[in-house]
Every structure is written in structure tokens, then in C-alpha cells.
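Novice: Right, I'll just put the structure down here and ask away after.
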Amino acid sequence: MLTNVLNIENIKQFSKYGLVGAGGTLAHYTFLIILVNFADINASISAFLGAFVGALVNYALNYKYTFLSVKKHKVALPQFITVACLSMFLSAWIVQSITMYGYHYLIGQIIATALLLPIGFVINKKMVF
């Protein structure tokens, strides 16, 4: 069973997913940092809003590049939004939890990203695209 998960095609696809995710994460973090540092918005709210911006980037790139989806957007997009919203709430909760212990919000965001990346890949691969 582990060999099915670790086959070369899944590894390549996960690598693409990670690369696309890096673009979405860059958009996410940029928005997060701007909101916290220049708009003085709470870190957990900023993390949520930044995740939304990153999700838009991720959807477009994953649809075309990672999964080569042929699903209609009217089907794939609502499914993706559902997964992204769950991920955004979990991300915001993780950031809030980490900052409650006095850690910097970016530490919380890095932890959230590391935990949610493989989970998002599996759900998007199996259910969305």
C-alpha cells in the first residue's frame, strides 16, 4: 500500500502541488504581512484573509498545472472552496493557538502550512480535481 502512495507519478504530482503551493503561499504570506504590519489587523484574521488570496492562486494553478483537470469549474471550484475554507479556518486556529503562547505569528503560519500541505494534496487529488 505504501508503494502505491510513493510511486513516481504521485511524487511528481506532489512536487508540482508543492511548487504551486509555494506561489499561493507567497501570495498568502505577502497579504498576511501587509495586513498585520501596515493595516494593523489581528494576526489570525490576517492569516485567514491571506489564505483566501493564496487559495485563489492555488486553484487556478492546480487546476491547469498540477492536476490537469477537465472537471467543469462549476463542479471543481465549489469543492475546492470547501476544502480551502476548512484549511483557512484550521490555519487561523493554529496561528491563534501558537500566538497565545507568545510565539510570533509567522511561526504559527509556518507550522500551519507544514501540517496542512499534505492533507490538502490528498483531498484535492481524491475529491476536487
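Novice: Between the stretch 84-109 and the stretch 1-55, what's the alpha-carbon centroid distance in Å?
Specialist: Between the Cα centres of the stretch 84-109 and the stretch 1-55 lies a distance of 13 Å.
Novice: Right, something else. Exactly which trypsin sites (Lys or Arg not before Pro) in the stretch 1-107 are in a DSSP loop and have at most 14 other Cβ atoms within 10 Å?
Specialist: Answer in residue order: 71, 72.
Novice: Given a 10 angstrom Cα cut-off, can you work out which residue in 75, 53, 20 is the most mobile in a GNM of the chain?
Specialist: 75
Novice: Please express the shape of the chain as an equivalent ellipsoid: the semi-axes are the square roots of 5 times the eigenvalues of the C-alpha gyration tensor, given largest first in whole angstrom.
Specialist: In descending order the semi-axes read 27, 16, 12 Å.
Just so you know, all these numbers are worked out from the coordinates, no wet-lab data involved. As the structure is a computational prediction, the values presented were derived from the model and not from experiment. Counting neighbours? That spans all protein chains shown, and the Cβs are built from the backbone with ideal geometry, glycine included.
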